[in-house]
1. Those residues that are closer than 24 Å to Asn62 by Cβ and charged (D, E, K, R), I need them from the range 135-184; list them, please.
2. Residues that are at pLDDT below 95, assigned to a loop (DSSP other than H, G, I, E, B) and β-branched (Val, Ile, Thr): does the range 39-52 have at least one?
3. Which of the following residues is at pLDDT below 95, aromatic (Phe, Trp, Tyr) and more than 30 Å from Leu138 (Cα to Cα): Tyr108, Tyr66, Tyr2?
4. On the given criteria, is Lys112 surrounded by fewer than 15 Cβ atoms within 10 Å (Cβ to Cβ) and in contact with a Phe, Trp or Tyr (Cβ under 9 Å, 6 or more places away or on another chain)?
5. Just to be sure, is Lys212 surrounded by fewer than 12 Cβ atoms within 10 Å (Cβ to Cβ) and assigned by TED's automatic domain parsing to the domain that holds Asp286?
6. Any residue that is within 16 Å of the chain's Cα centre (by Cα), on the phi < 0 side of the Ramachandran plot, surrounded by fewer than 17 Cβ atoms within 10 Å (Cβ to Cβ) and at pLDDT 95 or above - is there at least one of those in the range 324-338?
7. Confirm whether Gln30 is at pLDDT 95 or above, over 30 Å from Ser135 (Cα atoms) and part of a loop (DSSP other than H, G, I, E, B).
8. Taking the stated definitions as given, is Ala211 among the small types (Gly, Ala, Ser) and closer than 27 Å to Glu90 by Cα?
Amino acid sequence: MYTMKSLIILSLLLISIQSCSQKTENMVNQNSTITADNIADEISKQVKHYPSEKIYTLGYSNDKCYFEMFVDGIKLTKAFNKALGNTAVEINHVLFNSGKHTISYKMYPLGKSKEYEEVFNTLVEDTDLDFDLKSYDLKHEKAPDTDYTTYSLPKKKEEIVKGYTKEKFVGAGKTFYEGSFEINIDVPYNSEAPFENAMDLRKMNKNELEAKLLKKYKEVWSIYQNKEYDNIAKLEYNSLKDLYVSTYESPEVIAKNINILFTEMYKSPTFKMQPIEKYKLEFFADGKLAALMLDTDDNRLRGNTALWAKVNYDGGTRGIFLNRYFYIPQGKTEFMAY
């Protein structure tokens, strides 16, 4: 038979065990007031409207190469899906202010492709990659697009036979090639990237940095896997804010898009984070951002960070890439996400 004292001790013990066994959420060291319920409203408060609201697009056409594109060292897009093609991508979300900006690219050989029978282990003489910068104005929808500049790969002329020359890509025979060019941009908003004054992570010991970053990745991985929606909102607020501020988006569209992101992706019972494995450390934005990128030849995965999940969406199982990049503010010691 238990005495009253022993019952009290037992009760306290059970409470203690229960408290220890409850799942505790991670502490996110940024955007402390942001939650899944208020993120859309808080972003909408930051959006302003102007007499002219330009959206800049960077068009590209490629042949016999894969590539990645960057604006001021920030990953813009990747093209590992087609051996040749042409399209355009909007770039406002990585433009924080007016002025001069640098477009850079990294090129890779095709290897095997559906488009060509030949296997290309290096970049070849007739490899092509061209860019063009344009804009359209949301406040002047009937106005034609404005053309600014074009850029083509550097090529050299070679005489094949007397009187006949052919242009050949200067990077022919290489397994990697990179280049850049500058553009001038005029946008009405003026933002500061959260990582603008961050540490240059390239100056840290590489092994120590990678171990520290992997620890952060595991923390963020568990936030998504455990469906910590408020913490997910805190992690994604900065990049989503910059996207919608730079595209002058309406509160209705912001709310709709974020609702889809959470309800159809993160809250789906099929949402499952994938293991953090086969990665390599890479730097972005002049060393202010770092990420563990997937180290793979699978063109469906290449160019993404090691934080990704699978979810049943739009009629099938899809990969959803949680491309968070990390920085350490000057004077701090812990990573923050972008």
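The values are calculated or read from the model by the stated rules, or taken from the named source; none is laboratory data. Everything numeric in this text was worked out from a predicted model, so none of it was measured. Neighbour counts run over all protein chains shown; Cβ positions are idealised from the backbone, glycine included.
1. Matches in the range 135-184: Asp145, Asp147, Lys155, Lys156, Lys157, Glu158, Lys166, Glu167, Lys168, Lys174, Glu178, Glu182.
2. The answer is no, given that none of the residues of the range 39-52 is at pLDDT below 95, assigned to a loop (DSSP other than H, G, I, E, B) and β-branched (Val, Ile, Thr).
3. On inspection, the qualifying residue turns out to be Tyr2.
4. yes
5. no
6. Within the range 324-338 (the criterion being within 16 Å of the chain's Cα centre (by Cα), on the phi < 0 side of the Ramachandran plot, surrounded by fewer than 17 Cβ atoms within 10 Å (Cβ to Cβ) and at pLDDT 95 or above), the answer is no, since none of the residues qualifies.
7. Spelling it out, Gln30 is indeed at pLDDT 95 or above, over 30 Å from Ser135 (Cα atoms) and part of a loop (DSSP other than H, G, I, E, B).
8. no
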